[in-house]
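The values are calculated or read from the model by the stated rules, or taken from the named source; none is laboratory data. All of these numbers come straight from a predicted model, not from anything done at the bench. Note that we place each Cβ from the backbone using ideal geometry, even for glycine, and neighbour counts take in every protein chain shown. The area values use the complete protein model at the heavy-atom level, side chains included, leaving out ligands, DNA and RNA. Shrake-Rupley method; radii C 1.70, N 1.55, O 1.52, S 1.80 Å.
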Amino acid sequence: MRTDLSTHAPAGAPAGPRRRSGPVRRGGRPATGFFSRLGVRELVLLGVITAAGPLTIDLYLPAYPTLAEEFGVAETQIQLTLTACVLGLALGQLVIGPVADRVGRRLPVVVGLAGWGVSSLLVALAPTLELMTVGRFVQGFVVSAGMVTARAVLRDLSDGQDLARAFARLFLVVGAVPMVAPFLGSLVLEVTSWRGVFVVLAVVGLVLACVTFMLLPETLPASERRPVPVRSLGREYGRLLVDRDFIAPALVAALAFSGLFVYINGSSFVLQEEYGLSQLSYGLVFALVTVSLITGSQMSSWLVARLGLLTVLRSAPVIGAVTIGGVAIAAASTGLPPLPVLIAGLVVAMGVVGMAMPAASAHVLSGQPPARAGLASGLVGVIQFAAGGAISPLASAFGTVTPTTMTALMAVLFAASAGMAVLVREPDRDPADALSA
């Protein structure tokens, strides 16, 4: 049965919205800490909801060569279907974020997940690559509701190091999807065509919409909503874009995230076409690299607590740039570096992304009040996915993705992330001040 976290109160207390600083356990005893405010079941659900976006991207990756052959097009044209999905994810978050501030968190995510199921079925039926590309954009737009809403829910219930810890735990669930999705996609392709992959997504979307409707609590009560008028959205987004405490850590995350997208977009062609890996072997390598991504995310909150957020944000991209840059030099020198060398470099690089993302996301949203969490979360998502969607195709700018172009572009992005991290500073205002700014 669904619950509303805004209405729980200790036994004998007057009814009405509770203060977030004083959550309660069953029986009326005070509770403290993020995990006492949102149960493990709900946290896992938020992770699955957020993971719907990466699942939409990753599940069909092993079908890239098959799609190119079936539609009779070049590799770069197939990659445009991924770019369309990513751009849909970006635009969707920009639109749905303010909606979640206006009507609450539950409604947008339930409607979005249902739309994801329907649009996945339409992609499965697409007769041409052009219609498939349009369908992929729609898929990305509607499934973005889960990503933007989940971040806003976490901000509703926590901030600071608690929020960094919450993002790290969320990433534990989210990171598992890229690990298993290509492998599962490979298994689906063993028994059906690429269209069957999207039928699977359709079923998952509709089931998840029903589960979310039943289980996800509302974390932004009507009494605490401060919706931004539509006519003021441009001004609010502009204010955030010129706010150093928002834009600097947001770009640290976006540039590291773009490095992840370069890998996702190019790894199938590099590992399957250049190194001759089978679909199943590619899925296993993808899983190995994603284990590093998850491990890095779980180390993030531990490192932040001991070394400080700024130290983590400034050192992680440097490690990634140096490591993957060394692989790029080896690739440029030999043309095709040994497969273990490439995989080792990717493992380190994805671990760095895992360390940087939760810390940067927590830093960005901690400076915003819960009443603006949807808007801020949407803009963070737009920056990340727009950057990833626009930059990742550059790896194939010269016709074909190669180990050299993929790793070199990743190294440049990590170096840029490290440079932007120098501008990050500790927040110097209370989040409540943003409401009156």
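Assorted remarks:
- Extension reserve of the S281-L206 stretch, reckoned as 0.36 nm per residue once the Cα distance is removed: 24.0 nm
- Degrees, to the nearest 10: 244-268 long Cα axis against longest axis of the chain: 40
- In this structure region 280-409 gives 31 Å² per residue of accessible area when probed at 1.4 Å with all protein chains present.
- Two-decimal log10 I(q)/I(0) for region 50-139, as the Debye equation yields it once each C-alpha is a single scatterer, q = 0.10, 0.15, 0.17, 0.22 Å⁻¹: -0.28, -0.59, -0.73, -1.10
- Relative contact order [Cα under 8 Å, 6+ residues apart], region 220-352, whole percent: 26
- Relative contact order %, region 286-426, counting alpha carbon pairs below 8 Å whose residues are six or more apart: 40
- Between P340, M350, V327, the Cα set farthest toward the positive side of the dipole of the chain (charges on each charged residue's Cβ, about the Cα centre) is that of M350.
- Taking one quarter of the surface of the C-alpha convex hull of region 317-390 gives a mean projected area of 6.0 nm².
- Dipole in debye (nearest 20) - the chain, about Cα centre, beta carbon charges: Lys, Arg +1; Asp, Glu -1: 1680
- Pairwise centroid distance, computed over Cα atoms, of region 256-284 with region 85-144, Å: 25
- Tilt relative to the chain, helix 194-215 - C-alpha long axis, 0 to 90 degrees, to 10: 10
- Using 0.36 nm per residue and subtracting the Cα-Cα separation, the extra length available between W302 and A74 on full extension is 77.6 nm.
- Each pair of Cα atoms in the chain enters the Kirkwood radius, and Stokes-Einstein at 25 °C and 0.890 mPa s then converts it into a translational diffusion coefficient of 112 µm²/s.
- Positive-end residue of A74, S158, Y64, charge dipole of region 30-179 with Cβ unit charges: S158
- Rounded to 10°, Cα long-axis angle of helix 75-103 versus longest principal axis of the chain: 0
- Solvent-free Debye scattering, log10 I(q)/I(0), computed from the Cα coordinates of region 267-350 at q = 0.25, 0.26 Å⁻¹: -1.20, -1.25
- Carbon + sulfur, % of accessible area of region 293-437 - ligands and nucleic acids excluded, 1.4 Å: 71
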